[in-house]
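The values are calculated or read from the model by the stated rules, or taken from the named source; none is laboratory data. What you see is a predicted model, and the numbers here were worked out from it, not measured in a lab. All Cβ positions, even for glycine, are placed from backbone atoms using ideal geometry, and neighbour counts span all protein chains on display. The protein model used for the area step is the full one, side chains on, heavy atoms only, and it has no ligands, DNA or RNA in it. Shrake-Rupley method; radii C 1.70, N 1.55, O 1.52, S 1.80 Å.
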Amino acid sequence: MGAPDLIKSQDSVPDQQLTEPDASKPKGEVTYKQELVFSAAIRIFHWLRAAAILVLVITGFYLAWPFLVAPESSDVLVQGWIRLAHLIFGFVLCAVTLARVYLYFFGKSDIERRSFRDVMSLKSWIVQLKSYVWMGKLNKAGVYGPLQYVTYLLISVMAIFICITGLVLYANVYHQGLGGLLWEPASWITAQLGGLAMVRLWHHYITWVFVVFVVIHVYMAVWTGIRFKHNSVDSIVSGYDYHPNKDGHH
């Protein structure tokens, strides 16, 4: 879900003054406090998932239409390497998806889980939607606003579904090892979805969901940084967020 669990809660992380009070500074100047938001593990998971999605989209589209090799050619080396990359990053996505589900429910911090309160609050929905048209500011119970929470929840469900359909396709090609272990459940899922062709079609449809999501996600992450001056792209890179210090006015 394009976002993350925290190693420490906000209450347990000491604030650090980004700029120390200085009597020589102009009156009214605002200082900021620095807070650890995303742990190193969460940032690694985020960028692993981003890399996996990028590679899977590119290689997946090529596997659907292998335009680099002529149909009459017997050279399958290019197709083989691209398929290998697709498999490797497919398992990376499966692993990261499982890790994120675990961290959401069992992580030390409940800041993601607290975001669910806003989903159940009509006032929080109104506040977030108004903030998108530059009316007021967000006041979130957790790390996400209600619209963010629902979006990330849905994309996490899509991630689970695309992993499942990918494993079904894998089991229908590789019949030994892991593929053999997955054969029985894969056969049942194939039947429920209406056959292997439908499994592949659903796999392709969800790929487009991720393509659209990534475009919107990147745009909104940049826009949020511009609009609210915090909790944007830099925090998932450095791990830190910055907030105006209420005692930092001089």
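If only the Cβ of Lys and Arg carry +1 and only the Cβ of Asp and Glu carry -1, the dipole of the range 43-123 around its Cα centre is close to 640 debye.
Both the radius of gyration and Dmax for the range 113-234 are 19.4, 58 Å, in that order, over alpha-carbon atoms.
With every protein chain in place and a 1.4 angstrom probe, the accessible-area ranking of R100, R114, R83, largest first, reads R83, R114, R100.
Restricting the calculation to Cα atoms, every distinct pair contributes to the Kirkwood radius of the range 115-184, found to be 14.6 Å. In the assembled protein chains, D110 presents an accessible area of approximately 60 Å² (probe radius 1.4 Å). Simple rule: put +1 on each Lys or Arg Cβ and -1 on each Asp or Glu Cβ in the range 84-194, find the dipole, and look at L154, A85, V96; the Cα lying farthest toward the positive end is L154.
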